[in-house]
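First comes the structure, then the notes that go with it.
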Amino acid sequence: MSRLIITGKRELHGEIPVQGAKNGVLPLMASSLLSHGVTVIDNCPDLTDVRAALDILRHLGCRAALEKGAVTVDASDVTCCEIPDALMRRMRSSVMFLGPLLARCGRAVITAPGGCELGPRPIDLHLAAMAALGADVREEDGSLVLTAGRLTGAPIRLALPSVGATENAMLAAAGAEGVTVITGAAREPEIRDLGALLTKMGVRVHGAGTSTVTVEGGVKAPFARHRALPDRIAAATYLCCAAAAGGELTLTNTDPDDLRPVLAALDRMGAALKTTGDTVTAAVHGPLRSPGTVVTGPHPGFPTDAQPLLMAAALRAEGTTAFVENIFENRFRHVPALRAMGADIAVEGRGALVRGGVPLHGARVEATDLRGGAALVAAALAAEGVTDLGGLAHIDRGYENLAGLLHSVGAGIERIDGKEPERWKTTEGRKTPAAREPAST
Ligand code: UD1
């Protein structure tokens, strides 16, 4: 069992290169199914979610590999149109294969996708989009069976701007005959990036990244190569770590434009920010102040994925910060662990009130989801003493070498894989960092 041992109160100084975007790469990998040739995706992080996507592609008959930051998929032969439950459950983005699989094979059999538990995460909008393109959707023995002789372009009106449903609709439309116009589409940067790869594959795409996306089906190119965009949530993570720990951190391989709402919040908190075309530097010296009220919303609103991270940074800011979570019902699961570290946070429904400036202390805590887990790392950097963090499988889904990168800029962070060393066990047999007895575990 792996754990992170984090000694807080050490400033961060230096440079971190930001990984390629997890949420961008996964739909890009799914799009490779539409090609009868080879697709190469550069700037691909080595994550368990990426490995899960590779396993799905291989299961479907593709040759797929991740080497030196590039995923190569040869989809000349797709021999199967069914994704077994065990593969579906490994991540939320397994549902991304539905659209391209259906377009490619005329049939797709899936079960409910996995992913972080953030409240109900239905896929009704994905299914409605497939039905609009002519698919017959039915449930058989706990599986969803979709069939279509040939998908046909059609208008698709999304009832809410779902990122995944927009991507799935674009992917299915790219393999359909004729023109599809998606209205009410999500506008996240990852959708713009998917449009860029589909264009390289020979599909005519207009408006990807705006609320109306037009796709004229037909993959023509036998080979396409694309560099995935930088991960804006990983960038937000490192910036919030710098805000929590103090110091001066420069992120390279990033896109400040896509980070605007996060940078605006950090600016309100008093971080000194400098940006160039592909770097962001955050200098945090002395106390921070509350950013006021932070309301999550679809892009270009404040990203829900960055909410737990900014909350961790807000713990050391003077004043009260209010968070309103508008995207997911259950996105405060990191709060009990933050409280175990001394945080003063009240939660009611979709709102959380953080009283900042209260001293934090190390504790033995567990990550319960991906971004909430990263938020615990940020909080631990601000805490007095040692934090012993488990549940790393959640964090490994979305971050490549989080501990190594933070360590390289001065954080007191060490990853312990496998059996815990004796020094982390107390005489009562209760496992806890010996360096400091946490007030609460
Ligand atoms: C994606 C991101 C996730 C991010 C989220 C919102 C990936 C792999 N994940 O998730 O990190 O937090 O966008 O920015 O890219 N909904 C429905 N029916 C549907 C689909 C969604 O009701 O068929 C609802 C969801 O329950 C949620 C809201 O729409 O309340 C937004 O979800 P959506 O944008 O689809 O998120 P994901 O694509 O799952």
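Can you give the helix-only mean residue ellipticity at 222 nm for the chain, where every DSSP H stretch with n ≥ 4 adds -39500 (n - 2.57) and the sum goes over all residues, rounded to the nearest 500 deg cm²/dmol?
-8500 deg cm²/dmol
Measure out, as a whole number of angstrom, how far apart the alpha-carbon centroids of segment 201-255 and segment 63-141 sit.
Centre-to-centre (Cα) distance: 21 Å.
Calculate, in nm to one decimal, what Glu139 and Ala221 gain on full extension: separation in residues at 0.36 nm each, minus their alpha carbon distance.
The span from Glu139 to Ala221 would gain 26.0 nm if fully extended.
Suppose R0 equals 41 Å. What FRET efficiency, 1/(1 + (r/R0)^6) with r the Cβ-Cβ distance, do Glu177 and Thr48 give to the nearest 0.05?
Once rounded, the FRET efficiency stands at 0.65.
Between Glu384 and Val347, what FRET efficiency comes out of the Förster formula 1/(1 + (r/R0)^6) with R0 = 30 Å and r the beta carbon distance, rounded to 0.05?
Once rounded, the FRET efficiency stands at 0.80.
Just order 32-40, 208-216, 370-378, 17-25 by mean Cβ neighbour count inside 10 Å, highest at the front, would you?
370-378, 17-25, 32-40, 208-216
What residues from segment 1-18 fall in the zone where the backbone N is under 16 Å from a label point 7 Å along the Cα-to-C-beta line of Ala272?
12-14
For Cα pairs less than 8 Å apart in space and 6+ apart in sequence, what is the mean separation divided by the residue count of segment 22-227, i.e. the relative contact order in percent?
For segment 22-227, the relative contact order is 20 percent.
Determine the share of the chain's accessible area contributed by carbon and sulfur atoms, expressed in whole percent, with a 1.4 angstrom probe.
50
Restricting the count to DSSP beta bridges whose residues both fall in the chain, what percent are antiparallel, rounded to a multiple of 5?
Here the antiparallel bridges make up roughly 65 percent for the chain.
Per residue of segment 190-202, in order, report the coupling 6.51 cos²θ - 1.76 cosθ + 1.60 (Karplus, θ = phi - 60°) as ³J(HN,Hα) in whole Hz, putting x for Gly and Pro.
Each residue's phi maps through the Karplus curve to give 5, 6, 4, 5, 4, x, 5, 5, 4, 4, 5, 7, x Hz.
Pull up the DSSP beta bridges for segment 22-227 and report the antiparallel fraction as a percent, rounded to 5.
The answer is about 70 percent antiparallel.
Evaluate Rg over Rh across segment 27-147, taking Cα atoms for both radii and Kirkwood's formula for Rh.
My calculation puts Rg/Rh at 0.96.
Using a Förster radius of 56 Å, what is the FRET efficiency between Arg150 and His13 based on their Cβ-Cβ separation? Nearest 0.05, please.
About 0.45, to the nearest 0.05.
Peptides 306-312, 331-337: what's the order by average Cβ count within 10 Å, highest mean first?
In descending order of packing, they fall as 306-312, 331-337.
Output the direction-averaged projected area (hull surface divided by four) of the convex hull of the alpha-carbon atoms of the chain, in nm².
The directionally averaged projection comes out at 20.0 nm².
Find which of Val409, Gly390, Thr166 sits farthest along the positive direction of the dipole of the chain, computed with +1 on the beta-carbon of Lys and Arg, -1 on that of Asp and Glu, about the Cα centre.
Val409
Quick one: which residues, 5 or more positions from Gly319 or on another chain, have an amide H under 5 Å from its amide H? H modelled 1.01 Å from N in the peptide plane, none for Pro or chain starts.
Result for Gly319 returns Gly356.
Can you order the peptides 60-72, 41-53 by their average number of other Cβ atoms within 10 Å per residue, highest first?
41-53, 60-72
Give me the accessible area per residue for segment 22-227, probe 1.4 Å, as a whole number in Å².
38
Ordered by residue, what ³J(HN,Hα) values in Hz, to whole numbers, does segment 80-89 give under the Karplus form 6.51 cos²θ - 1.76 cosθ + 1.60, where θ = phi - 60° and Gly and Pro are x?
With the stated coefficients, segment 80-89 comes to 8, 10, 10, 9, x, 3, 4, 6, 4, 6 Hz.
Quick check: the angle from helix 48-59's long axis to the longest principal axis of the chain, C-alpha only, nearest 10 degrees?
That works out to roughly 20 degrees.
The values are calculated or read from the model by the stated rules, or taken from the named source; none is laboratory data. Just so it is clear, the model here is predicted, and its values are computed rather than measured. Neighbour counts run over all protein chains shown; Cβ positions are idealised from the backbone, glycine included. What goes into the accessible areas is simple: the full protein's heavy atoms, side chains included, and nothing from ligands, DNA or RNA. Shrake-Rupley method; radii C 1.70, N 1.55, O 1.52, S 1.80 Å.
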